[in-house]
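To keep things clear, I will list the structure first and then write my remarks on it.
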Amino acid sequence: MKKLIIAIAITLLMFSCGRNTLYDESVVFNDAKWDNENFARFDVTVDDTLTDYAFYLNIRHLENYRYSNLFIFMHTEFPNGNVTHDTIECTFARHDGRWISKGSGTFRSAKIMLNPALRFPLKGDYHFEIEQAMREKELKGISDIGICFEKQ
């Protein structure tokens, strides 16, 4: 139990964006296994269409994650019902095998900027859905994934 509390505290510290955060949430996968049918869903309410936001993808993986990268599909639904679909590659290690993601011990963390100056076009509720796009039904070694929007 003590290890779980410490892991949660470290996660909160490592994934916190900043004081000017519109949204910062993560989904934790049981036993660090991400099933390809288990989508991470995030609902973001936007009231400000004039401010630029840095848009980050936060990922925590185990030190023994067997790949140097992660492919994901991201689906974004806008308040007007329009939907976009993106495939994103997240790189965790260099070609020589050294981790780019931060951390030590069991967990590594990657804070990946998807857009340095995102301006939401509409006020309202945005829905983000992320699914793993690797070739395995159950991807072992990914412990959690999240998104963060930080005011610029």
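Where a number appears in this text, it was derived from the coordinates with a stated rule and is not lab data. Keep in mind that this is a model prediction, so the values were computed, not measured. Quick reminder, even Gly has a Cβ in these numbers, built from the backbone with ideal geometry, and neighbours come from all protein chains shown.
See the values below:
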quantity: P(r) of the stretch 2-151 over all Cα-Cα pairs, binned every 10 Å from zero, in whole percent; calculated: 11, 41, 34, 13, 1
quantity: Point-charge dipole on Cβ atoms (K/R +1, D/E -1) for the chain, about Cα centre, debye to 20; calculated: 760
quantity: Degrees separating the helix 2-15 axis from the principal Cα axis of the chain, which is the longest one; calculated: 40
quantity: Span per principal axis, largest first, for the Cα atoms of the stretch 69-152 (Å); calculated: 44, 34, 21
quantity: Farthest toward positive dipole pole in the chain [+1 Lys/Arg, -1 Asp/Glu at C-beta], among Y126, G103, F29; calculated: G103
quantity: Long-range lysine pairs (8 or more apart or interchain), the stretch 15-152, Cα under 16 Å; calculated: 5
quantity: Contour minus Cα-Cα distance for L62 and T84 (0.36 nm per residue); calculated: 4.9 nm
quantity: Spacing of the two label points (7 Å from each Cα toward its C-beta) at N38 and E129, in nm; calculated: 1.8
quantity: The stretch 2-151, relative contact order in percent, only Cα pairs under 8 angstrom and at least six apart counted; calculated: 45
quantity: Gyration tensor (alpha-carbon) shape descriptor, the stretch 44-102, a/c threshold 1.5; calculated: prolate
